[in-house]
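Data block below; observations after.
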Amino acid sequence: MFSDEELDRYQRHIVLKEVGGEGQRKFKAATVAVVGAGGLGSPCLQYLAAAGVGQISLIDDDVVSLSNLQRQTLFTTADVGRPKAEVAAERLQALNPHVVIEPIHTRLNAETAAPLLAQHDVIADGCDNFRTRSDVNRAAVALGIPLVSAAIGPFEGQLGVFAGHLPDQPCYRS
């Protein structure tokens, strides 16, 4: 159930007929793995936490650099040199203390993908390289977890939702 503070925090969701109390309870019960806390991961993480997604696992092995700050909205100049996963977890917890944030400062690869991504309801991939994107896709298909995949170039972007674990459904393959 929701505390009085949560009812106040999520009231705009709860009054929407498309979400309502039942939808907000589903958000609260959900577990999402987010791969990458960069230009795509930062806003994704902020919105997931703000919406009240119950548990967010944040997987990123990078540290904040000054060149990140014009596009990675979770970080400030004071964060330069710190692990992105650690800083992001602090900011997200400050944004919404009702969510559980699990910062994972490690590289996701073919060996680590399945153990890191298992037990999640959804995987959101905002990584910045094809090898990791492919490893995430393979793990999502093998684990039977829907994958939301986003990528961006200098002046273009793409977003796809894949359920490659289901018969006759596409998946992201590189």
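Checking each residue in segment 53-71 for being under 13 Å from the mean Cα position of the chain (by Cα) and either open to solvent by 10 Å² or more (accessible area, probe 1.4 Å) or not hydroxyl-bearing (Ser, Thr, Tyr) (or both) picks out Val53, Gly54, Gln55, Ile56, Leu58, Ile59, Asp60. Within segment 82-102, residues that are among the β-branched types (Val, Ile, Thr) sit with their Cβ atoms under 6 Å from residues that are open to solvent by 60 Å² or more (accessible area, probe 1.4 Å), at 6+ positions apart or across chains, in these pairs: Val100/Gln55; Ile101/Gln93. Filtered by the rule that a residue be surrounded by fewer than 16 Cβ atoms within 10 Å (Cβ to Cβ) and in contact (Cβ under 8 Å) with a residue 60 or more places away in the chain, segment 4-30 gives a lone residue, Glu5. Within segment 77-109, the set of residues being open to solvent by 70 Å² or more (accessible area, probe 1.4 Å) and among the charged types (D, E, K, R) comprises Glu86, Glu90, Arg91, Glu102, Arg107. Out of segment 10-69, which residues are over 20 Å from Pro97 (Cβ atoms) and β-branched (Val, Ile, Thr)? Within segment 10-69, Val15, Val19, Val35, Ile59, Val63, Val64 qualify. Within segment 31-52, the set of residues being outside any helix (DSSP H, G or I) and either basic (Lys, Arg) or open to solvent by less than 30 Å² (accessible area, probe 1.4 Å) (or both) comprises Thr31, Val32, Ala33, Val34, Val35, Gly36, Ala37, Gly38, Gly52. Ala30 passes every criterion in (1) closer than 25 Å to Pro115 by Cα; (2) touching a Lys or Arg at 6+ places or on another chain (Cβ under 9 Å); (3) aliphatic (A, V, I, L, M) apart from (2). Among the residues here, Ser174 qualifies as open to solvent by 40 Å² or more (accessible area, probe 1.4 Å) and at pLDDT below 95. Screening Leu74 with (1) open to solvent by less than 50 Å² (accessible area, probe 1.4 Å); (2) part of a loop (DSSP other than H, G, I, E, B); (3) touching a residue at least 60 places away in the same chain (Cβ under 8 Å) gives one miss only, at (3). Remark: pairs (first residue in segment 128-150, touching a residue at least 12 places away in the same chain (Cβ under 8 Å) and of a type in the set (Phe, Trp, Tyr); second residue open to solvent by 30 Å² or more (accessible area, probe 1.4 Å) and not in a helix (DSSP H, G or I); Cβ separation under 8 Å; 6+ apart in sequence or on different chains) = Phe130/Ser174. Residue check: is Ala29 on the phi < 0 side of the Ramachandran plot and in contact with a helix residue (DSSP H, G or I) (Cβ under 7 Å, 6 or more places away or on another chain)? No; evaluated as a whole, the condition is false for this residue.
The values are calculated or read from the model by the stated rules, or taken from the named source; none is laboratory data. What you are looking at is a predicted structure, and each value in this text was computed from that prediction instead of being measured. So basically every Cβ, Gly included, is an ideal-geometry build from the backbone, and we count neighbours across all protein chains shown. Heavy atoms of the whole protein, side chains included, go into the accessibility calculation; ligands, DNA and RNA do not. Shrake-Rupley method; radii C 1.70, N 1.55, O 1.52, S 1.80 Å.
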